[in-house]
Amino acid sequence: MRFSIRPSVTLPPLKLRYLAPLVLLAGSAQGQFAFQASLTPDITLHGWNTEIWGLSICVWGENPQKGLAVGMVNGSDGHSQGFSWSLFVNYAESYTGVAIAPVNICDDVFVGWQLGVVNISNMDLTGLQTGAVNVGEDIHGFQIGLVNYADMLSGVQIGLVNIAQNNGWFDEFPDKLATGFPIVNWSF
């Protein structure tokens, strides 16, 4: 004799499409969310200081983030990382990853690649800047553009005008080329 246990009630299949929005909007105990949408830093799904671990879609957003930020103006406070694409401006306090916009500005440490018309790193940049104008305080890596400027360069500049303030005028050649030089300049 065989026994069979069957439930008397059949449960309907789980509809994931109903759960997806709840998962995206749900936050963890630390105040991290997987999705952000904003019109301005004050008109958002989540406050401007809430960390976003996922996707941010913004007209103008300003959240610390670890993930993908897409918008017209993307800003982040504190240290953020990921991929930031903006129609106009990306600005960050500190960023690790890729920033693509006509204008990219980082106030503290940037590690990765800034791609734009104008790229500015006000402190340390480790990586690559490519654009028409690249400006950096302390560059460890490459600058490729029409005009490249670095207060302290440890790397290579390729462009029409290349200025590295820490270089003398051919006095430490071949380790350092010159303070300013067309086509290519370097300092190691």
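At-a-glance table
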item	result
Unique residue being modelled with pLDDT of 95 or more and more than 16 Å from residue 117 (Cα to Cα) when the list is 168, 141	141
Residues being touching a Cys at 6+ places or on another chain (Cβ under 8 Å) and hydrophobic (A, V, I, L, M, F, W, C) - total across segment 65-111	6
Some residue of segment 92-108 being farther than 23 Å from residue 139 by Cα, modelled with pLDDT of 95 or more and surrounded by fewer than 24 Cβ atoms within 10 Å (Cβ to Cβ)	no
Those residues of segment 60-90 which are farther than 19 Å from residue 37 by Cβ and within 9 Å of the chain's Cα centre (by Cα), in sequence order	81
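Condition check ((1) touching a Leu at 6+ places or on another chain (Cβ under 6 Å); (2) surrounded by fewer than 15 Cβ atoms within 10 Å (Cβ to Cβ); (3) modelled with pLDDT under 95) across all residues:
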| position | (1), (2), (3) |
| --- | --- |
| 34 | yes, no, yes |
| 41 | no, no, yes |
| 44 | no, no, yes |
| 47 | no, yes, yes |
| 56 | no, no, yes |
| 64 | no, no, yes |
| 77 | no, no, yes |
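The values are calculated or read from the model by the stated rules, or taken from the named source; none is laboratory data. The structure presented is a predicted model; accordingly, all values stated were derived computationally and were not measured. Please note: Cβ atoms are built from the backbone with ideal geometry, for glycine as well, and neighbour counts cover all protein chains shown.
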